[in-house]
1. Determine the order of ILE221, ILE191 by accessible area, beginning with the largest, at a probe radius of 1.4 Å.
2. Might you report the magnitude of the Cβ-based charge dipole of the chain about its Cα centre, with Lys and Arg at +1 and Asp and Glu at -1, to the nearest 20 debye?
3. Might you work out the accessible area of ARG15 for me, using a 1.4 Å probe with all protein chains in place, and round it to the nearest 10 Å²?
4. Let me check something: with ligands and nucleic acids excluded, how do THR232, THR48 order by accessible area (1.4 Å probe), largest to smallest?
5. From the P(r) of the range 98-152, could you give the percentage of C-alpha pairs in the tail past 16 Å?
6. Once you have the Cα-Cα distance between THR292 and GLU258, take 0.36 nm times their residue separation minus that, and quote the gain in nm to one decimal.
7. By accessible area of protein heavy atoms, probe 1.4 Å, what ranking do GLU216, GLU147, GLU50 get, highest first?
8. Note the full-extension length gain between THR77 and ASP115 as 0.36 nm times their separation in residues minus their Cα-Cα distance, in nm to one decimal.
Amino acid sequence: MVSTSTNPNTEAKKRAFDLMLTFVKSQCTYTAARLGIFDLLDDRGEQTVEDLAQATNTDIERLYFILRALAHVEVLTEKPGRIFAPTETSTLLVTNKDPSVGHLLMHLIEPAQWDAWKVLPEALEKGVVPFELANKKGVYQYCYDNEWSKDTFIKAMSFLTNSQVDGLLDAYDFGQYETVMDVGGGQGGLIANIVKRYGCKGVLFDLPDVADTAREYMASIGVDPGAIAIKTGDVFEKIPKGAQAIVMKHFISAWSDEDALKILANCKAALPQDGRLILLQSFVPDLDEPKTEADGIMPGIFAVQINVATPGGGWRTKKQFQELFAKSGFKLEKTVKTSNSLSIMEFKLN
Ligand SMILES: C[S@@+](CC[C@H](N)C(=O)[O-])C[C@H]1O[C@@H](n2cnc3c(N)ncnc32)[C@H](O)[C@@H]1O
């Protein structure tokens, strides 16, 4: 029988308290990132709370509560005299330099996302997308309509790509294709790396909203404009032809099965008969599989976030992806695990 003891030190009770207050940790970290506290500490080294409040134009005493809490969870270090110093974690959260986990955190916790969580019970009852119920538009449209959200979203996606790309390119030979197209490739970090490492030609396909950012990004990293064509459009209408392989990284997981089948039909129409569809994805573990990946990601938890924000079924299990693709006439050729939470599934046309 499960113990009903009220002893405050039981593991179950500690876990319940942690679950109750985990949002406070997220909000404190988000607020510090958004105010630029991690950037300031990284640029200037340790600072008093007074210095940080002055630099961020915030209330000293209220800011102190947040910084002290962040020190208690080892995101910052507090020294006597209300002095705060950066840590390895706060350095990872810096957002005034390269795309970082700080951008991903700010994207996932920005107010519009938070609003989606507030209406979650109602969205479940109505069977609708929480983000859309709360914000009256889809998450991509929301981001592209708001400058800060767009910049943060694009950097968040770039961070994810940058942190996984080496493991991915080591695990799969893209050099076997003359042209590879990244569908839903954002600003193009993945396709730029594929082209750079394997010397093939690339196509970046995404919504028109990201085309300018992609062009600027490609120029900034010195990609030969002749090597990657930037094409824009809507996957639900048409995907351009011309590539032997289509890659989709964390893209199909944003959509429901019904939507995914439409996208897969358009992939099929775009590919030659001997073409390949390459799914790059974290999989939700089956019941008997470990719940946490080597890089610390828990796909089952991440999947909820995707499910709250997008129309999708979220991340699926390997078997679910395989079945979904089979319904569209794609046969699984092989599955390759990379050194991080990303796996590769290569499909050919039946
Ligand atoms: C979750 S992001 C993934 C970006 C990238 N694949 C990665 O892993 O970093 C989804 C991408 O799909 C694009 N997208 C969303 N709806 C689309 C549509 N209907 N047609 C084409 N691209 C779309 C978004 O603009 C965004 O860049």
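The values are calculated or read from the model by the stated rules, or taken from the named source; none is laboratory data. The model shown is predicted, which means the values in this text are computed figures rather than measured ones. Counting neighbours? That spans all protein chains shown, and the Cβs are built from the backbone with ideal geometry, glycine included. Surface areas here come from the heavy atoms of the whole protein model, side chains and all, with no ligands, DNA or RNA. Shrake-Rupley method; radii C 1.70, N 1.55, O 1.52, S 1.80 Å.
1. In descending accessible area the options line up as ILE221, ILE191.
2. On the way: 37 positive and 46 negative charges, 157 e Å.
With Lys and Arg at +1 and Asp and Glu at -1, about 760 debye.
3. 150
4. Working: THR232 65, THR48 35 Å².
Result of the area sort, largest leading: THR232, THR48.
5. Details: 634 of 1485 pairs.
Looking at the range 98-152, the distances longer than 16 Å represent 43 percent of pairs.
6. Working: separation 34, 0.36 × 34 = 12.24 nm, distance 2.86 nm.
Stretched fully, the THR292-GLU258 segment lengthens by 9.4 nm.
7. Values: GLU216 130, GLU147 165, GLU50 75 Å².
Per-residue accessible area, sorted high to low, gives GLU147, GLU216, GLU50.
8. 10.6 nm
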